[in-house]
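Following: one structure in structure tokens, then a few remarks.
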Amino acid sequence: MKRLFIALLALSTAFYASAQTKRYTNHNEISVITYGPAFLESGFGLHTFHGLQIHENIALGLNTGLDRYPVNGEGSKWFLPLSAKVNYVEFPDRKRSFFVGLDLGYSFAFLNKNLVESNLKYEYQGGLLVNPQLGWRFKFKNSAKYWSLATGYRYQHYSRKDTYTRPSANLPDTSIGYGTTQMDKKYDLHRFTLQVGFGF
């Protein structure tokens with residue numbers, strides 16, 4: 001994950017360095033995040049993309065926002081995503097055009113409340129985010145502004161570190177001290193998304 005942070009930092013540096021020679025572009029989306037097209041136990045996402053038009057068809061930049069995921073047996077989990085994103089628009093000058101996008105980044109999990117009790121403590125840690133999408137965008141008349149409708153797949157990894165303290169020395173090999181056991185629970189979320197957006 002350190003390499004991913006370095007890559008995102010390098011991208012943001014290059015983004016600001018070239019901002020004076022490339023056209024700025026913005027795309028904001030509201031997302032439904034669910035297990036499938038039935039929209040049962042749905043979560044949601046709010047995302048904002050800030051990028052540069054490096055080619056008439058291609059925009060590259062940073063995407064961030066807020067995500068809420070329903071997780072079976074775990075309630076709802078909240079994440080703050082930060083990703084590099086690339087958008088490709090097939091016909092940027094037409095009123096209607098097909099487009100594809102790809103997010104690759106990291107989601108922070110500090111919005112989830114960590115539990116601390118007398119004999120149990122757990123804390124959440126974020127992880128890898130991958131989100132390809134495809135859709136259509138529709139330009140307003142005589143304007144560079146547009147609205148969009150898209151669908152996609154969203155993969156989110158995160159983990160929870162559990163620390164148990166018990167008055168016993170009969171602990172497994174994972175013990176980190178007398179009467180203490182530590183375990184990492186890893187989660188891989190695979191979700192279907194539907195997004196409505198506005199951009200320019």
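The values are calculated or read from the model by the stated rules, or taken from the named source; none is laboratory data. These numbers come from a predicted model, not from an experiment. Cβ coordinates were reconstructed from backbone atoms using ideal geometry, including for glycine residues, and neighbour counts include every protein chain displayed.
For Gly51, the criteria (1) over 30 Å from Ala144 (Cβ atoms); (2) touching a helix residue (DSSP H, G or I) at 6+ places or on another chain (Cβ under 8 Å) hold in every case but one, which is (1).
When you look at Ser168, is it at pLDDT 90 or above, more than 30 Å from Tyr88 (Cβ to Cβ) and not basic (Lys, Arg), yes or no? Answer is no for this residue. In the range 137-153, how many are within 17 Å of Thr34 (Cα to Cα) and either assigned to a loop (DSSP other than H, G, I, E, B) or in contact with a His (Cβ under 8 Å, 6 or more places away or on another chain) (or both)? Here the count works out to 1.
For every residue, the table says whether it meets (1) in contact with a helix residue (DSSP H, G or I) (Cβ under 8 Å, 6 or more places away or on another chain); (2) within 22 Å of Glu56 (Cβ to Cβ).
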residue: Val86; (1), (2): no, yes
residue: Gly101; (1), (2): no, yes
residue: Gly105; (1), (2): yes, no
residue: Glu123; (1), (2): no, no
residue: Leu129; (1), (2): no, no
residue: Leu134; (1), (2): no, yes
residue: Lys139; (1), (2): no, yes
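Restricted to the range 101-136, and to residues that are more than 10 Å from the chain's Cα centre (by Cα), under 16 Å from Trp78 (Cα atoms) and part of a strand (DSSP E or B), which residue is modelled with the lowest pLDDT? Within the range 101-136, the match that is modelled with the lowest pLDDT is Leu115. Tell me which residues, restricted to the range 107-134, are in contact with a Leu (Cβ under 9 Å, 6 or more places away or on another chain), under 21 Å from Thr64 (Cβ atoms) and either surrounded by fewer than 19 Cβ atoms within 10 Å (Cβ to Cβ) or among the hydrophobic types (A, V, I, L, M, F, W, C) (or both). Passing the criteria: Phe108, Ala109, Phe110, Leu111, Leu128, Leu129, Val130, Pro132. Against the condition more than 21 Å from the chain's Cα centre (by Cα), under 24 Å from Gly127 (Cβ atoms), modelled with pLDDT under 90 and surrounded by fewer than 21 Cβ atoms within 10 Å (Cβ to Cβ), how does Gly73 come out, does it pass? So Gly73 fits the description; yes. The residues of the range 55-70 that are surrounded by 14 or more Cβ atoms within 10 Å (Cβ to Cβ) and either more than 19 Å from Tyr106 (Cα to Cα) or of a type in the set (S, T, N, Q) (or both), listed by number, are Asn57, Ile58, Ala59, Asn63, Thr64.
Of the residues making up the range 47-93, just one is among the β-branched types (Val, Ile, Thr), touching a Ser or Thr at 6+ places or on another chain (Cβ under 7 Å) and touching a residue at least 24 places away in the same chain (Cβ under 8 Å), namely Val89.
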